[in-house]
Every structure is written in structure tokens, then in C-alpha cells.
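First up is the structure itself, then whatever we jot down about it.
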Amino acid sequence: QLQASGGGTVEAGGSLRLSCATSEGDLSYYYMGWVRQPPGKEREFVAGISWPGRNINYVDSVKGRFTLSRDNAKNSVYLQMNSLKSEDTAVYYCNARSMFNPNVNKWGQGTLVTVSS
């Protein structure tokens with residue numbers, strides 16, 4: 001499975017870097033993404049990156065502030081979050097979906113990001 005880390009509490013305008021890695025197998029040919037679930041709300045897509053990393057997509061609300069990248073040698077993806085806002089407060093989950101079989105879906109345990117205003 002996936003291990004997500006890097007969450008925490010930060011003041012508005014601050015930065016955090018989330019990491020997601022696997023200790024089992026590798027993430028070759030997996031589309032990697034982050035989704036988040038704000039308190040009392042449904043999960044929403046945040047960002048995703050294709051294999052091996054040419055195509056990256058972001059939800060409009062984080063464009064220009066968040067940067068998604070992957071290190072294929074380390075089987076890891078990173079979400080650099082800058083200029084954080086209170087509305088970014090959520091539990092962030094990383095996800096890996098096989099590009100050959102979309103039914104193969106892996107999830108991390110979630111990491112809490114709290115942005116104080």
C-alpha cells in the first residue's frame with residue numbers, strides 16, 4: 001500500500017510538502033494523484049500525474065500554488081503546497097491507479113493538513 005506523510009498545521013500563507021511512497025513493489029505505470037476531504041465535505045480531486053510524469057492536472061483552486069511531482073527511482077510522489085489558505089484544510093489522500101487496469105487502485109492512509117487563519 002501507500003504511505004502518506006508531511007501533513008501538519010501551518011498558518012495561512014505557509015507551505016507544506018506532502019509525500020507518498022510505497023514499500024511494496026513499485027509505481028511504474030501508475031497514475032498518481034492526491035485527493036482531499038475537507039471537514040464535513042466530500043472528497044475532491046486535487047492533482048494527478050501520469051506515468052512517467054509528462055502530464056499533470058490540478059483542480060483550479062490550487063493552480064499556481066501547488067506543484068505535483070514524482071520521483072520514479074524512489075517510487076514516490078510529492079505535493080508541494082505553497083500559499084496555503086484556510087480552505088485547503090483537509091485530510092489528504094494519495095492514490096495510485098494502474099494505467100493498464102483502472103480497477104487496480106491503491107490508497108494511502110491520509111494525512112491531515114490544517115491551515116490556520
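Miscellaneous remarks
- Count - residues of the stretch 49-89 that are among the small types (Gly, Ala, Ser), under 19 Å from ALA21 (Cβ atoms) and in contact (Cβ under 8 Å) with a residue 40 or more places away in the chain: 2
- Scanning the stretch 56-89 for residues that are buried (at least 19 other Cβ atoms within 10 Å of the Cβ), more than 19 Å from LEU112 (Cα to Cα) and either among the polar types (S, T, N, Q) or touching an Asp or Glu at 6+ places or on another chain (Cβ under 8 Å) (or both) turns up just one, ASN75.
- Filtered residue count, the stretch 64-112, keeping only those that are among the polar types (S, T, N, Q) and over 21 Å from VAL10 (Cα atoms): 9
- Positions within the stretch 8-32 being at pLDDT below 95 and either under 10 Å from the mean Cα position of the chain (by Cα) or of a type in the set (D, E, K, R) (or both), in sequence order: GLU24, ASP26
- Of all residues making up the stretch 52-69, the number that are more than 15 Å from GLY6 (Cβ to Cβ) and either modelled with pLDDT of 95 or more or acidic (Asp, Glu) (or both): 11
- Subset of the stretch 71-102 [over 20 Å from ARG36 (Cα atoms) and in contact with a Ser or Thr (Cβ under 9 Å, 6 or more places away or on another chain)]: ASN72, ASN75, MET99
- The set of residues from the stretch 11-55 being closer than 19 Å to ASN101 by Cα and open to solvent by 50 Å² or more (accessible area, probe 1.4 Å) comprises GLU24, GLY25, ASP26, TYR29, TRP51, PRO52, ASN55.
- Residues (part of a strand (DSSP E or B) and either out of contact with any Cys (no Cβ under 7 Å at 6 or more places or on another chain) or without any contact (Cβ under 8 Å) to a residue 40 or more places away in the chain (or both)) located in the stretch 12-31: LEU16, ARG17, LEU18, SER19, ALA21, THR22, TYR30, TYR31
The values are calculated or read from the model by the stated rules, or taken from the named source; none is laboratory data. The structure displayed is predicted, hence computed values, not measured ones. Note that we place each Cβ from the backbone using ideal geometry, even for glycine, and neighbour counts take in every protein chain shown. Heads up: the accessible areas ignore ligands, DNA and RNA and are worked out on the full protein's heavy atoms, side chains in. Shrake-Rupley method; radii C 1.70, N 1.55, O 1.52, S 1.80 Å.
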